[in-house]
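For reference, the structure discussed in these notes is given below.
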Amino acid sequence: MPPTACAKIFPMIFETNLRGAGVFGDEPLVNSGPGTVGEYNGATGTFDPSLVSGLNMPQAIAVAGDNIFVVNSVGGKFGQSIGEYNAVTGVSINDHLISGLQGRVGVVAFGDILFVTSSATHRIDEYNATTGTLTQSGFVKGLKLKGPAELAVAGGNLFVVNSSTAGKNGESIGEYDATTGATVNSSLVTELHGRVDIAVSGTSLFVASSATHRIDEYDTTTGMLVAELVKGLHGPTDIAVFGGDLFVTDVPNQSIDTFNATTGMSEGTVLTKLHGPQGITIVPVSGSVTDTSYSWLLLLLGLIVTFGLKVIVRQPA
């Protein structure tokens, strides 16, 4: 019997490039144009390097439903903004959905809510993802944040990187309830180095550090180090996890590389010749693949009939 097609879930990768370029980033950086959002479809293998173009130093990125939210750093004390774009067509919905932001800004979607960090205001604010209206200033209560930057949501909890200016080991990761803002553990992971980004899957918290050139795995319950999972990276900036794989942006190599989230083994490079890859986010898409498992089952049954193989099924006592 011929192999049949079955549905499989693939990653749809959205990534920001600080500077735009020609198709697949073949133009020199000195000749590059405004920043872009690139899109890679894991089901078809197609890559659109300029799904959204004309951006100004885009950095953090989030996806909710059919919409992309991108942090634009346009300069000036209050120059940072978050634009909203259609995730399928790249068409602008609202270039300045949220404006007047300060410092280094991070964004993550949680249902119809956007959580936005600001290293300048030392706050995590809550916005309506549809209207861009500020719904709660200082969402996390009773917390003295020091330069909050990257963040992730998983299992109803919000994980936030605090980039302290106290010294070289001043970065830490806090955990908070994403519904109430209550503190779960303000110092879940401490003594981190340099620019740090995070991704969460189950009970694993993955931390990419540009200073240590590593990806470390921590336990989300205890905050204990589980493993120095991936070593020898060049300049990891952002990280995402999907289907047992880690996807990491590498600025010096202008690439997005993948690693096994359990073993840390390299699984190759997804995209190359990018122009300043920064933020990365992944959503699942469906695609068709050839399924040969049924054919193998028929082959096994054929062998049993032909050669009289004995199949023993052990039953519980």
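In the context of the full protein assembly, R123 retains an accessible surface of approximately 80 Å², using a probe radius of 1.4 Å and ignoring ligands and nucleic acids. Residues S210, S53, ordered by accessible area of protein heavy atoms at a 1.4 angstrom probe radius and largest first, appear as S53, S210. In this simple spin-label model, placing a label point 7 Å from the Cα along the Cα-to-Cβ direction at both S53 and V226 gives a separation of 4.2 nm. Per-residue SASA remark: I98, around 0 Å² accessible (1.4 Å probe; ligands, DNA and RNA not included).
The values are calculated or read from the model by the stated rules, or taken from the named source; none is laboratory data. Everything numeric in this text was worked out from a predicted model, so none of it was measured. Don't worry about glycine lacking a Cβ; one is built from the backbone with ideal geometry, like all the others, and counts go over all protein chains shown. Ligands, DNA and RNA are stripped out before the accessible areas are found, and what is left, the full protein with its side chains, is counted by its heavy atoms. Shrake-Rupley method; radii C 1.70, N 1.55, O 1.52, S 1.80 Å.
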